[in-house]
Amino acid sequence: MDGKGSPQQKLQQILNSHLGLDPLYAQVLSNANRDDAFTKVLSAIIYLKRQLSITDLAKLLDLTSEVVVTQLMEIQSIIRIPPDNQGFVQLNHASFRDFLLDKTRSKEYYQPLGEARMMVWSLACMVKYLKQDQWLRDKAEKYACLEWCSHLESAIGGCESGELPTAIVDNIQTFIRCEALE
């Protein structure tokens, strides 16, 4: 910038030259080992309706706490990992979520199916852990019971064709047949 031009032109030049945190997010994600467990954990922390401890997040995702922490360590420069497994994972900046949900910004790191995945993981958690005439034992089970429908609504809203993907229908049918509802 040469300092010439109107204030509006100067502001536009600055805005055009400033990319925000997107390059940082892309760099951190490009260095991460993006296996299935990583994608699962990343998607969950972006789409959770409310925070869960690492222990509860692990149960919801059918992973161990150690696997969740290992995956989070891949991106520890842009998130806050709690000192113990009872604490909550926090994003350092809300723009990380915005970055991952905007395909034009995040490109290959885009997380488009998170709501559907959260619904599927919630139903799977309920099928695995809920038993007839048994109280909810922890926050993972409570989250699954209270939020699966909200994730389903959001997933339906995100379907371009208006039809539910087969995986969602199959998981709903599995849940309906589970012993907790008998």
- Task: Check the range 101-109 and report whether any residue there is basic (Lys, Arg), more than 22 Å from ASP35 (Cα to Cα) and over 15 Å from the mean Cα position of the chain (by Cα).
- Result: no
- Query: Do you know which residues across the range 148-169 are open to solvent by less than 100 Å² (accessible area, probe 1.4 Å), of a type outside the set (S, T, N, Q) and modelled with pLDDT of 75 or more?
  - Reply: TRP148, CYS149, HIS151, LEU152, ALA155, ILE156, GLY157
- Query: Out of the residues in the range 60-69 that are touching a residue at least 24 places away in the same chain (Cβ under 8 Å) and either of a type in the set (A, V, I, L, M) or in contact with a Ser or Thr (Cβ under 9 Å, 6 or more places away or on another chain) (or both), which is farthest from MET119 (Cα to Cα)?
  - Reply: VAL67
- Can you run down the residue pairs with Cβ atoms below 7 Å, 6 or more apart or on separate chains, where the first is in the range 154-182 and assigned to a helix (DSSP H, G or I) and the partner is modelled with pLDDT under 75? ALA155/ILE168; ILE156/LEU164; GLU179/GLN132; ALA180/GLN132
- Message: Among (1) within 17 Å of GLU115 (Cα to Cα); (2) surrounded by fewer than 17 Cβ atoms within 10 Å (Cβ to Cβ); (3) at pLDDT 95 or above, there is one condition LEU57 misses while meeting the rest; what is its number?
- Response: (2)
- Neighbours by Cβ (under 9 Å, 6+ apart or cross-chain): first from the range 40-56, within 16 Å of GLN86 (Cα to Cα); second crowded, with 22+ Cβ neighbours inside 10 Å and of a type in the set (Phe, Trp, Tyr): ARG50/TYR143; LEU52/TYR143; ASP56/TYR143
- Item | Subset of the range 99-147 (residues that are under 16 Å from ILE75 (Cβ atoms), open to solvent by less than 80 Å² (accessible area, probe 1.4 Å) and without any contact (Cβ under 8 Å) to a residue 24 or more places away in the chain) | TYR110
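Given the criterion surrounded by 15 or more Cβ atoms within 10 Å (Cβ to Cβ) and either more than 21 Å from ARG105 (Cα to Cα) or free of Cβ contacts under 8 Å to residues at least 40 places away in the same chain (or both), identify the matching residue among VAL89, VAL28.
From the options VAL89, VAL28, the qualifying one is VAL89.
The values are calculated or read from the model by the stated rules, or taken from the named source; none is laboratory data. Predicted model, so just to flag it, every value in this text is computed and none were measured. Ideal geometry is used to build each Cβ from the backbone, glycine not excepted, and the neighbour counts take in all protein chains shown. Ligands, DNA and RNA are stripped out before the accessible areas are found, and what is left, the full protein with its side chains, is counted by its heavy atoms. Shrake-Rupley method; radii C 1.70, N 1.55, O 1.52, S 1.80 Å.
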